[in-house]
Each structure stands twice: as structure tokens, then as C-alpha cells.
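Below is one structure, written out as C-alpha cells, with a few remarks after it.
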Amino acid sequence: MTSFDDFAFNQGLWLSLGLTVAIGAQNAFVLRQGLRREHVPAIVLFCTTMDALLVAAGVTGMGQVLAQRPAWAQALALAGAAFLLGYGLRALWRACAPSGALVGAAPGSGAGQSRQAVLVQAAAFTLLNPHVYVDTLLLVGSVGARHEGAARAAFVAGAGVASLLWFTALGFGARWLAPLFARPRAWQWLDGAVGLSMLALGMGLLRQALP
């Protein structure tokens, strides 16, 4: 790798890491699944792959196409708002459930979802969130598009490594919090916080989508 390629790699790495490490719907979902120890490798691989593909698409010009079609962005925001509001209400319902009803949410309870169901949710959190496209296609993609050839590939690789590091730390590192979440009351607090954040994000998307 040339020194210029090293610069492009580091630029993609730190720019993507700065945008990825933030409280959001996708990160909250990965954290919760990590606490449940439920299909974590599949979720980490999926989120990392999607981020890398979106960055690559942004670098090759897809971000400009999306920016020129506001109707697409509006439809995406409406779909994302509906999903986040529904997920938020479901999380709040779990938070208000009696302690005994939360046993299935605890790690190792054996009452988890299938891998397919979890990946469908991960896809919804990733692809129905307009902010993901703003970050990957527009912001990161526009910076990476300034490079050419091998440097552009190095930039995309750096962005992919950033996503891999973050989602691995978030998904597998969550197990260190397992002793805290051995109590059903802790899950109620987590679901309450997740539910309120999802409702806030959903309402924000709804305000952006409606005239």
C-alpha cells in the first residue's frame, strides 16, 4: 500500500467510526441482541457488510442519485417511521409487563427468535433509516469519491473495518453487562429506554417526511 492509500484507509476508518459510534436505532438493536446472546455473529456480519456496501455505493455516485429524488427519501422516511414507532411501542409493552413475563428475554432462556427473524429486523433497522443513507451514501461516500483507483478501494476498506470493529465490540462486548441483566427489572429499564428512544426517532422521521 502506498502512503496515499494509507491516508485514504485511515480517513475512511475514522470518518466512519465517528459516524457509527452514536446512539441510534441500529446500535440499540445490536446491543439488545448482544445482551440476549442471540445470533450475534450473524448480526455483526450483516451490519458490517451492509455498511461497507452502502459506503461503496456512495463512493461510486449512488448518493447523488438519491439526493436528486426527494420522493424516494420521503417514502423511505415514512416506512422507517412506521417501523420505529411499532418497535418502540412493542418495547414499551415489554417494559410494562410483569417481571415473570420477561423471563423469555433473559440470556440463555431458550425462548429467542429465529436467525431469519432477527436478520429481518436488522435489515429493517439498517435499510429503513434515512440517516443511514445520509451517513454512508452522502457524507462518507462524498468524501471517498474524491479518491481514485486503489485509494478509493482503501477508503472503502477503512470504512468497513470501522463498522466491523464497532459492531463486534457492541455485540460481543454486551455480555460483560450480563450480570446486571440477570434481573428482570433491568430488562424492563432497558426496554423502556429503547422504546422511548425508538418513539422519539420515529416521530423525528415522521416530521421530516410529512409536508
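The values are calculated or read from the model by the stated rules, or taken from the named source; none is laboratory data. All of these numbers come straight from a predicted model, not from anything done at the bench. Virtual Cβ from ideal backbone geometry, glycine too; neighbours counted across all protein chains shown.
Some points to look at:
- Flag if V118 is of a type in the set (V, I, T) and either closer than 22 Å to W93 by Cα or not in a helix (DSSP H, G or I) (or both): yes
- Here A95, A57 are screened, and the one residue that is farther than 24 Å from P184 by Cβ and at pLDDT 75 or above is A57.
- Among residues that are under 22 Å from D51 (Cβ atoms), hydrophobic (A, V, I, L, M, F, W, C), modelled with pLDDT under 85 and part of a helix (DSSP H, G or I), L139 is included.
- Cβ-Cβ under 6 Å pairs, at least 6 apart or on other chains, region 161-183 side closer than 21 Å to G24 by Cβ, far side small (G, A, S) and in a helix (DSSP H, G or I): A162/S16; G171/G34; A174/G34
- In this structure, V118 does satisfy being of a type outside the set (D, E), buried (at least 18 other Cβ atoms within 10 Å of the Cβ), out of contact with any Ser or Thr (no Cβ under 7 Å at 6 or more places or on another chain) and modelled with pLDDT of 85 or more.
- Which listed residue is surrounded by 12 or more Cβ atoms within 10 Å (Cβ to Cβ), out of contact with any Cys (no Cβ under 9 Å at 6 or more places or on another chain), more than 17 Å from L31 (Cα to Cα) and at pLDDT below 70, from A67, A77, A105: A67
- Residue that is surrounded by the fewest Cβ atoms within 10 Å (Cβ to Cβ), among those in region 11-56 that are of a type in the set (F, W, Y) and within 26 Å of F155 (Cα to Cα): W14
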